[in-house]
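Taking it in order: structure first as structure tokens, then the write-up.
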Amino acid sequence: MTAGAAVFDFDRTLVRHETMAMYLRLAVGRGVYLSACCTAGAKAAVVPPAKRMDVFRAELLRRTLMGKSVSEAGLAAERLFPRLGWIRRITDELAAHQGAGRKVLVATGSLSVYMPIILARKGISVDGLLSTEMEVQDGVLTGEMATPSCTWTEKARRVQEWLADVKGPVWGYGNMPHDGAMLELTDHPTIVPV
């Protein structure tokens, strides 16, 4: 019988940063990144407010990652790793949960093209990783998301699905307001101040 599970957000929970912007700048360069932000912002400005973030993110990813090879994406992840500031108290909690025999899940809006590399470089092995999956065809990123962005209520939905077979209490670590819905699913929520 398992001793439950622990669910961790990544950005501003395990690390001090919002990593996607950092990653995209490293993947395409500052100029291309800023140009993509401007275009994405212009497209997002003309849609209803509730859709703006989704439109912005989709356009930004399309303009920065379309045509990049998986190996190029991996190299940008390698360059990102040394720039990250880890929150030791939270990484220690993750290790303690693993030591207690609990399943560990990282659930993040960050991208599938860099999250496994970052966790591996840090030496963090997890039982599950939920992230924003990017579409790949023949080893090349299309710039399209293969799943909805793993944020807010979508993150909570996917975490709830992952936890369906977990027996025992669930601990959760995240920041507010972004991880509120996810933390509501846990027996022992911890809000990490940003």
(request) Exactly one condition in (1) touching an Asp or Glu at 6+ places or on another chain (Cβ under 7 Å); (2) over 26 Å from Val194 (Cβ atoms) is not met by Val70; state its number. (result) (1)
(request) Tell me which residues, restricted to segment 76-101, are more than 18 Å from the chain's Cα centre (by Cα) and either at pLDDT below 95 or in a helix (DSSP H, G or I) (or both). (result) Arg88, Arg89, Asp92, Glu93, Ala95, Ala96, His97, Gln98, Gly99
(request) Would you mind finding the one in Leu14, Leu94 that is in contact with a Lys or Arg (Cβ under 9 Å, 6 or more places away or on another chain) and within 24 Å of Leu185 (Cα to Cα)? (result) Leu14
(message) So in segment 113-170, with the set limited to residues that are acidic (Asp, Glu) and out of contact with any Ser or Thr (no Cβ under 6 Å at 6 or more places or on another chain), which one is surrounded by the most Cβ atoms within 10 Å (Cβ to Cβ)?
(response) Glu154
(message) For the list (1) assigned to a helix (DSSP H, G or I); (2) out of contact with any helix residue (DSSP H, G or I) (no Cβ under 7 Å at 6 or more places or on another chain); (3) of a type in the set (A, V, I, L, M), I need the number of the one condition that Val166 fails.
(response) (1)
(message) Please count how many residues of segment 30-55 are among the polar types (S, T, N, Q) and either touching a Leu at 6+ places or on another chain (Cβ under 8 Å) or open to solvent by less than 50 Å² (accessible area, probe 1.4 Å) (or both).
(response) 1
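The values are calculated or read from the model by the stated rules, or taken from the named source; none is laboratory data. Not measured: the values here are computed from a predicted model. Glycine also receives a Cβ, built like all others from the backbone with ideal geometry; neighbour counts cover every protein chain displayed. We work out accessible area using only protein heavy atoms, side chains counted, and drop any ligands, DNA or RNA first. Shrake-Rupley method; radii C 1.70, N 1.55, O 1.52, S 1.80 Å.
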